[in-house]
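The values are calculated or read from the model by the stated rules, or taken from the named source; none is laboratory data. What you see is a predicted model; the values in this text were computed from it and never measured. Cβ: placed from backbone, ideal geometry, glycine included. Neighbour counts: every protein chain shown. Each accessible area value is taken on the protein alone, full model and side chains, heavy atoms only, with ligands, DNA and RNA left out. Shrake-Rupley method; radii C 1.70, N 1.55, O 1.52, S 1.80 Å.
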There are 2 protein chains.
Amino acid sequence: MAGGMNGAESLVRTLLAGGVDVCFTNPGTSEMHFVAALDKVPGMRCVLGLFEGVVTGAADGYYRMLGKPASTLLHLGPGLANGLANLHNAKKANSGIVNIVGEHATYHIAHDAPLTSDIQGVAAPMSHWVKTSPSSRTIAADGALAIEAARQTPGQIATLILPADTAWGEADGIAEAAPPAPPRKVSDDAVKAAAAMLRSGERATLLMGGAALRQPSLELAGRIAAKTGCGILTEGANTRLERGAGRVQVERIPYVVDRALGVLREAGNLVLVGAREPVAFFAYPGKPSRLMADGARSTKLAGLDEDMQAALEALAAELGALATPPARVAAPRRPALPTGDITPAAIASILGAMLPEGAIVVDESVTTGREFFPETAGAPPHDWINNRGGSIGYGMPVAVGAAIACPDRKVIALVGDGSGMYTLQALWTMAREGLDVTVLIFANGGYNILRGELANVGVRNPGPRAIDMLTIGRPDLDWVAMARGMGVEAARARTCEQLVKGLNAGLRSQGPYLVEVAV
Amino acid sequence: MAGGMNGAESLVRTLLAGGVDVCFTNPGTSEMHFVAALDKVPGMRCVLGLFEGVVTGAADGYYRMLGKPASTLLHLGPGLANGLANLHNAKKANSGIVNIVGEHATYHIAHDAPLTSDIQGVAAPMSHWVKTSPSSRTIAADGALAIEAARQTPGQIATLILPADTAWGEADGIAEAAPPAPPRKVSDDAVKAAAAMLRSGERATLLMGGAALRQPSLELAGRIAAKTGCGILTEGANTRLERGAGRVQVERIPYVVDRALGVLREAGNLVLVGAREPVAFFAYPGKPSRLMADGARSTKLAGLDEDMQAALEALAAELGALATPPARVAAPRRPALPTGDITPAAIASILGAMLPEGAIVVDESVTTGREFFPETAGAPPHDWINNRGGSIGYGMPVAVGAAIACPDRKVIALVGDGSGMYTLQALWTMAREGLDVTVLIFANGGYNILRGELANVGVRNPGPRAIDMLTIGRPDLDWVAMARGMGVEAARARTCEQLVKGLNAGLRSQGPYLVEVAV
């Protein structure tokens, strides 16, 4: 063997050389040589998940915090399939991920053994880049291509399929991924068109998304808003929004169509910065798919593949706003702690009162959390992460990845009970890795969003069978028991006082803590 | 609306007319009209799963017991993706299933909303039949086609994609699925070739699979074996094997390659009845993929799409064995109850001593259960179900479906802890539906099979990182707490006496019960 290196080792070394030094894993037999290589080669942090949805969601959360890809290790087609839903969410969030998916040895595939499936077919719908590496002498170069694909601007899902004999055969060495290309600069025309829209005297709004939701860009947006009187909005769900006291504050387009239409009527024309013309999450009979106000126009200043901050600088310069003090800077404000019954509004106040500086909030609160923004706007600076793909079960896995990425920040996961059940195995990974995550489970005993959606799609007076399909009670879930069963300390809150106590316990803890919040 | 019926209702009525009267569901907004139709139309039993892997696995278990398809209701591409791994297993088991997958309204798809994905692409690798129904006036006819596809011999995975406007628009009525065609008869030549192989004087074995594992066929095999001296084997994993005292007894080909090679050297030439020439589950360096003995031949008597029982009758007639008393009939035998430490052998004896008549054993015991067959062979008649697709997390969901299919039989799920974690949400469905399932979780604290596989693929002296990736401890899982958290009563067994007590409690219970078995 050249240098004593097999294909698996050449791939691990290639990943490390490309800066991919975390691997979220759920391996099987076909990945054993890769696992062995992880031992032999120092430098790769390996994090085990007991279900693949945890693994892929964690890689998403990691990218959202660090802007660089982690790898995953998945077992054949079904293992990849189990991770697809959170890859869907990651793809919609433009997170870069390098999936390593084991496959039978090339000569074994034709025998149609039990675990044989069309892995490329499984990967394709949720990947930007898919390749099966044919031999141990090509796997390093293919690994480098996967890294390059994942590191595009914006990030991409790259799925590299590793047949077992590609892993165990002889390799020639490692390969080096080309450094990521800088994002493209926007044209002068794009800047001038945006400036013209903002100067036109018609009502206009900057609609921001993606990496433009970091404070350097948001501050430029605030200067432009101060100069021109335009609004600033974000899409309904954001990959990561930097917000809190002293930062330029933005509102999200609401989920509910009628409310979104109202907000966008106010917004007028849209200057798009890493965002698209807004559309409804779902179609509803008699309601529009496109949400922009009638007669409103949009112009694209910069897309996710472009240098959005430079575009905003150019726009601010064009408007003479570079030195204008930004508008909409959030004043520090800690709401008073409420007492008594837990309501969504009370939870919002408690979060606003208690969010620690530097917190990473992973928000899968669904219906409970629709009003969390105003009360938390004046809390110390923090990040707020939403689900971009809409597939539930993203919250706790993304929290795992965010905590691995940022070990000295507190992660707070806000999760509906229906959503939490999809990937509750994430709690075990939090316990194993001692991750500093506080999970609030909002236990309303149902898919509450669907109770509203039944009416929204025109179903009146749903009967008992329909209601039963939207109800998680009978039996009620005991999240304290489930969390403890996976090694995570937990408490139950039925009053605001208990929620404050539970949240405090989580914030003081260095490891994971869960509070079941009865709402 | 014609007759006041929308597309969703026409589909529900079409399913019922086609004998599909159970729906395992995990719906979302795009499926709300289907949910409403379930209320309006009597006759469909709806069973909610809190994760789609539970839903699809349950449909698999249902088909294995009744030989007729259930339907599933899944939410868009990611919801289907979450169910894919158990659809893979169901596909490899030739289980018929009608998946109903919601989709955005047809006009909404172009807007690329968060949950938009290539649903046909997600479905294809794990489906035999996929169609997106274009309108509310076509959905009934397409539903009938899906039923026909699922009811083929052998069963198929049929995935019908239902855009929201197809569900809510006007329909013309229901459609009727053509009745299933009877399975094809085998040719005289196939019978003569099999007879010639069995008469040749060379060592020969009947290798049986699929629906040939029911006693009428096995009894014919026993008569043929008595007449000719041939062996009888099954593949390593079976869809459903009828066995126990008074029934013709068969052994499975072992999972471990070297042991399988030994068994197949003994077996000689193979007469295939619903089975294929045996192959290794995985490839290993230096070991063969094909497991048949060197120089051995095979002949196919009947495939899964053919009338295997009629073929065996014809073969027995050809051999003059129709009246020969069958060989290998299992004598009634109840092993003595062991005491003390729990070992795999002790568990086998306890199962053999305690399995009730008519039990349905769903076996996902992986390494722990490799020796369960000899000690249970003389227990009262029961069914034994294995994972045909190799994707772990099939056991508890299949048990849900088997219990729905056969409410007056006891279901016993034997599940490794690593496997169980994939789809533990099944416990909640067992509790909600009051299903008579006793779950034994074999808690060895790891992916034990992989510890062996590391060595099998040639990895010597694995280091701490590799071992860590195969170990579920740190923290240990507390299955009693997790089960109770989902409403299932549970106990822990660290000795044989405790296991006997726990299993007894489960067998006496009318509802679900879990025993965590320390092995």
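Of note:
- Among residues of the stretch B:430-445 being in a helix (DSSP H, G or I) and more than 8 Å from chain A (Cβ to nearest Cβ), the one that is farthest from the chain's Cα centre (by Cα) is B:Glu433.
- Verdict on B:Val400 being open to solvent by less than 10 Å² (accessible area, probe 1.4 Å) and among the β-branched types (Val, Ile, Thr): yes
- Pairs where the first residue, in the stretch A:38-57, is within 9 Å of chain B (Cβ to nearest Cβ) and modelled with pLDDT under 95 and the second is part of a loop (DSSP other than H, G, I, E, B) and surrounded by fewer than 24 Cβ atoms within 10 Å (Cβ to Cβ), C-beta under 7 Å, 6+ apart: A:Leu38/A:Met44; A:Asp39/B:Pro462; A:Asp39/B:Gly463
- Residue match in the stretch A:340-352 (condition: farther than 19 Å from A:Arg370 by Cα and assigned to a loop (DSSP other than H, G, I, E, B)): yes
- Odd one out for A:Leu73 among (1) open to solvent by 10 Å² or more (accessible area, probe 1.4 Å); (2) hydrophobic (A, V, I, L, M, F, W, C); (3) touching a Cys at 6+ places or on another chain (Cβ under 7 Å); (4) within 11 Å of chain B (Cβ to nearest Cβ): (1)
- Restricted to helices (runs of 4 or more DSSP H) entirely inside the stretch A:88-198, those with at least 3 residues that are at pLDDT 95 or above, of a type in the set (A, V, I, L, M) and crowded, with 18+ Cβ neighbours inside 10 Å are A:119-123, A:139-150.
- Identity of the residue in the stretch A:462-480, in a helix (DSSP H, G or I) and under 29 Å from the mean Cα position of the chain (by Cα), that ends up modelled with the lowest pLDDT: A:Met469
- For the stretch A:231-249, a tally of residues being part of a loop (DSSP other than H, G, I, E, B) and open to solvent by less than 10 Å² (accessible area, probe 1.4 Å) returns 2.
- Taken over the stretch B:275-307, the criterion of being farther than 18 Å from A:Ala113 by Cβ and in contact with a Ser or Thr (Cβ under 6 Å, 6 or more places away or on another chain) is satisfied by B:Asp305 alone.
- Residue match in the stretch A:434-442 (condition: touching a strand residue (DSSP E or B) at 6+ places or on another chain (Cβ under 6 Å) and open to solvent by 10 Å² or more (accessible area, probe 1.4 Å)): no
- Among the residues of the stretch B:95-122, the ones that are in contact with a Phe, Trp or Tyr (Cβ under 9 Å, 6 or more places away or on another chain) and either more than 10 Å from every other protein chain (Cβ to nearest Cβ) or within 28 Å of B:Gly61 (Cβ to Cβ) (or both) come to 5 in all.
- Number of positions in the stretch A:380-429 that are part of a loop (DSSP other than H, G, I, E, B) and touching a Lys or Arg at 6+ places or on another chain (Cβ under 7 Å): 3
Matching residues to (1) touching a helix residue (DSSP H, G or I) at 6+ places or on another chain (Cβ under 9 Å); (2) at pLDDT below 95; (3) within 14 Å of another protein chain (Cβ to nearest Cβ):
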position: B:Ile342; (1), (2), (3): yes, no, no
position: B:Ala377; (1), (2), (3): yes, no, no
position: B:Asn386; (1), (2), (3): no, no, yes
position: B:Gly389; (1), (2), (3): yes, no, yes
position: B:Gly395; (1), (2), (3): yes, no, no
position: B:Val400; (1), (2), (3): yes, no, no
position: B:Lys410; (1), (2), (3): yes, no, no
position: B:Leu424; (1), (2), (3): yes, no, yes
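- If the condition is being facing chain A (nearest Cβ under 7 Å) and open to solvent by less than 20 Å² (accessible area, probe 1.4 Å), then the stretch B:462-471 contributes B:Gly463, B:Ala466, B:Met469.
- Pairs are defined by a Cβ separation below 7 Å, a sequence spacing of at least 6 or placement on different chains, a first member in the stretch B:286-302 that is within 14 Å of chain A (Cβ to nearest Cβ), and a second member that is open to solvent by 30 Å² or more (accessible area, probe 1.4 Å) and among the hydrophobic types (A, V, I, L, M, F, W, C); the pairs so defined are B:Ser289/B:Val279; B:Arg290/B:Val279; B:Leu291/B:Leu261; B:Leu291/B:Val279.
- Near pairs, Cβ below 8 angstrom, 6+ apart or cross-chain, from the stretch A:485-499 (over 23 Å from B:Pro475 (Cβ atoms)) to any residue that is open to solvent by 40 Å² or more (accessible area, probe 1.4 Å) and of a type outside the set (Asp, Glu): A:Ala493/A:Lys501; A:Thr495/A:Thr339; A:Cys496/A:Leu337; A:Cys496/A:Thr339; A:Glu497/A:Thr339; A:Gln498/A:Arg492
- Filtered by the rule that a residue be away from every other protein chain (no Cβ under 14 Å) and touching a Phe, Trp or Tyr at 6+ places or on another chain (Cβ under 7 Å), the stretch A:222-250 gives A:Leu241, A:Arg243.
- Boolean, A:Gly485 is open to solvent by less than 20 Å² (accessible area, probe 1.4 Å) and within 8 Å of chain B (Cβ to nearest Cβ): yes
- When restricted to residues that are within 15 Å of B:Ala167 (Cβ to Cβ), part of a loop (DSSP other than H, G, I, E, B) and open to solvent by 40 Å² or more (accessible area, probe 1.4 Å), the stretch A:446-461 contains 1.
- The stretch A:268-325, residues that are in a loop (DSSP other than H, G, I, E, B), crowded, with 19+ Cβ neighbours inside 10 Å and out of contact with any Phe, Trp or Tyr (no Cβ under 8 Å at 6 or more places or on another chain): A:Gly268, A:Gly274, A:Ala275, A:Pro278, A:Ala280, A:Phe282, A:Tyr284, A:Leu291, A:Met292, A:Gly303, A:Leu304, A:Ala321
- Within the stretch A:378-411, the set of residues being closer than 22 Å to A:Gly485 by Cβ and either over 10 Å from the mean Cα position of the chain (by Cα) or polar (S, T, N, Q) (or both) comprises A:Ile392, A:Gly393, A:Met396, A:Val400, A:Ala403, A:Val411.
- Within the stretch A:488-516, the set of residues being over 26 Å from the mean Cα position of the chain (by Cα), surrounded by fewer than 16 Cβ atoms within 10 Å (Cβ to Cβ) and not in a helix (DSSP H, G or I) comprises A:Arg494, A:Thr495.
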